Amino acid sequence: MSAEVLAAYVAALSVVGNPSSIHSQGQNAKRMLEEAREQVAASLGADSVEVTFTSGGTEAINLAIKGLWWARSKPRILIAAGEHHATIDAAAWLAASEGAIVEEVPIDAVGRIDLAALERTLGPDVALVSVLLANNEVGTIQPIEEIVALASRFDVPVHVDAVAAYGYLPIDFHALRVAALSVSAHKIAGPVGVGALVIARTATVVPLIHGGNQQRARSGTQDAAGAVAFGVAASLAGAGIESRQTRLRALRDRLIAGIQAAVPSAVLRGDRIDRLAGNAHFTFPGCEGDSLLFLLDVAGFSVSTGSACQAGVPESSHVLLAMGVSEEDARGALRMTLGPDTTEAEVDAFVAALPAAVERACNAGLADRAVRA
C-alpha cells in the first residue's frame with residue numbers, strides 16, 4: 001500500500017460506527033463508505049449503486065458465477081479455457097452440487113479465446129459466459145466487445161474477471177456492456193481482503209451470503225475502513241493510467257528483449273502486443289520452473305511459475321496446456337510482473353542474474369528427468 005492509502009486506512013480504522021446504524025456515528029461511517037463506493041465506481045466507469053463490496057476477487061467471482069447461474073435457471077455455463085481457478089472451481093462446484101453443465105471454450109496459442117468456437121457453443125440454454133479481461137498468467141487481453149456481441153444474440157450475460165487487469169488497463173464498465181465485473185483492491189495497492197463485484201442495473205444476482213441485506217447482492221456488516229482504503233487506491237490507480245501504461249510497456253519490452261538476448265532458448269508466451277503492460281511470461285525449455293523460482297528468489301527477485309501445487313506434487317500450468325504447450329515445456333514456466341515502482345536498474349539486474357539461474361535450473365531438470373526415467 002502507498003503511504004496515502006495506508007494513512008487513509010489507519011485513520012478510517014479509528015472511526016467508530018456501523019454504517020447501517022442510524023445514529024450519528026453510524027451515519028458518519030456510512031458517509032465514508034459511500035464516498036469510497038463512488039471512488040471505486042468512478043475508477044471502473046460504473047455507477048456507485050452497481051458496486052457491491054466483497055472480501056476480495058475470489059468472492060466477487062463466486063458471487064458473479066453462482067449468483068447469475070441461480071438467477072437465470074438455465075443449465076449451461078461457458079468459461080474460457082485457462083481461466084483463474086476462482087472461476088474454474090466455482091463453476092465446477094455448481095456442476096457437482098447443483099447440476100450445472102460447464103463447458104470450456106478453447107483458447108489459441110497466445111491465450112486468446114476462440115470466438116468461432118464460442119459462437120458455435122452459445123445457445124438459449126446458456127446461463128452465462130465468464131472470461132478474464134486479461135489472463136493472469138500470460139497477460140493476453142481478451143476481445144471482450146466481440147464476446148459480448150456474440151453472447152447478446154442469445155441474451156446471455158457476460159461476467160468479466162478483471163482482477164489482473166485492474167490498474168493496468170482502462171476499464172469502462174458501461175462501455176463493455178457486461179453483466180458483472182470482478183476486481184480486487186490488493187491489485188491496485190489497496191488492502192488485502194477487500195474487493196468488489198460491479199453488477200449492471202439490468203442484471204440479477206442471487207446472493208451467496210444472506211442476512212441483513214446491507215448491500216444489493218451481499219449481506220453482512222460492511223468494512224468501512226477497507227472500503228475507504230480501496231477508494232483511495234482506486235482514485236490513485238485511475239489517475240494517470242495511460243502514462244503509467246506507457247512507462248510499464250517500455251520496462252516490459254526492455255525485460256523481454258533482455259531475456260531473449262540473455263537466454264536465446266527462452267520462449268515468450270502470450271500475445272506479443274495485446275498483453276498487460278506489466279506482464280512478461282516465458283518458458284525455459286529443459287528447466288524446472290520451481291527451481292528457477294527458488295534460485296531467483298535467493299538472488300533477490302520474486303517471480304511466479306504460474307503453477308499449482310496439490311498434495312506436494314507440482315503441476316504444469318493449465319493455462320499453458322490449454323494454449324497447446326507441451327507438458328515438458330510448461331514445466332519451465334516463469335511469470336515476471338512489473339509494478340509502478342519497478343526501475344530500469346532492477347530489470348537489468350534481473351536479466352543479469354537470469355542466465356546462471358537458468359543453467360542451474362536446467363541441470364536440475366536433467367537430473368529430475370533422469371530420476372523419473
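Structure summary
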{"quantity": "Residues of segment 346-363 with amide N under 19 Å of the 7 Å Cα→Cβ point at VAL267", "calculated": "358-359, 361-363"}
{"quantity": "Average accessible surface area per residue within the chain, 1.4 Å rolling probe, Å²", "calculated": "42 Å²"}
{"quantity": "Cα-based shape type of segment 1-91, given that a ≥ b ≥ c are square roots of the gyration tensor eigenvalues and the cut on a/c is 1.5", "calculated": "prolate"}
{"quantity": "Segment 135-186: chymotrypsin sites (Phe, Trp or Tyr not before Pro) falling in loop per DSSP and having at most 15 other Cβ within 10 Å", "calculated": "PHE154"}
{"quantity": "On Cα atoms only, tilt of 289-298 relative to the major axis of the chain in degrees", "calculated": "80 degrees"}
{"quantity": "Residue-averaged 222 nm ellipticity for the chain, from DSSP H runs of 4+ at -39500 (n - 2.57), nearest 500", "calculated": "-14000 deg cm²/dmol"}
{"quantity": "Segment 232-312 - percent of accessible surface contributed by carbon and sulfur, probe 1.4 Å", "calculated": "55 percent"}
{"quantity": "Cα-based helix-to-principal-axis angle, 224-238 vs the chain, degrees rounded to 10", "calculated": "60 degrees"}
{"quantity": "Shape of segment 109-236, Cα gyration tensor, a/c cut at 1.5", "calculated": "oblate"}
{"quantity": "Relative contact order of the chain, defined on C-alpha pairs under 8 angstrom at six or more residues apart (%)", "calculated": "19 percent"}
{"quantity": "Acute angle (nearest 10 degrees) that the helix 57-72 long axis makes with the longest principal axis of the chain, alpha-carbon atoms", "calculated": "60 degrees"}
{"quantity": "Prolate/oblate/rounded call for the chain, Cα gyration tensor, a/c under 1.5 rounded", "calculated": "oblate"}
{"quantity": "Cα-projected label distance for ALA299 with SER21, points at 7 Å along beta-carbon direction, nm", "calculated": "5.5 nm"}
{"quantity": "Cut-off 9 Å between beta-carbons: net charge of the residues surrounding ALA361, Lys and Arg +1, Asp and Glu -1", "calculated": "-2"}
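The values are calculated or read from the model by the stated rules, or taken from the named source; none is laboratory data. Just so it is clear, the model here is predicted, and its values are computed rather than measured. A quick note on method: Cβ atoms are made from the backbone with ideal geometry, for glycine too, and the neighbour counts reach across all protein chains shown. Please note that ligands, DNA and RNA were not included when accessible areas were found on the heavy atoms of the full protein model with its side chains. Shrake-Rupley method; radii C 1.70, N 1.55, O 1.52, S 1.80 Å.
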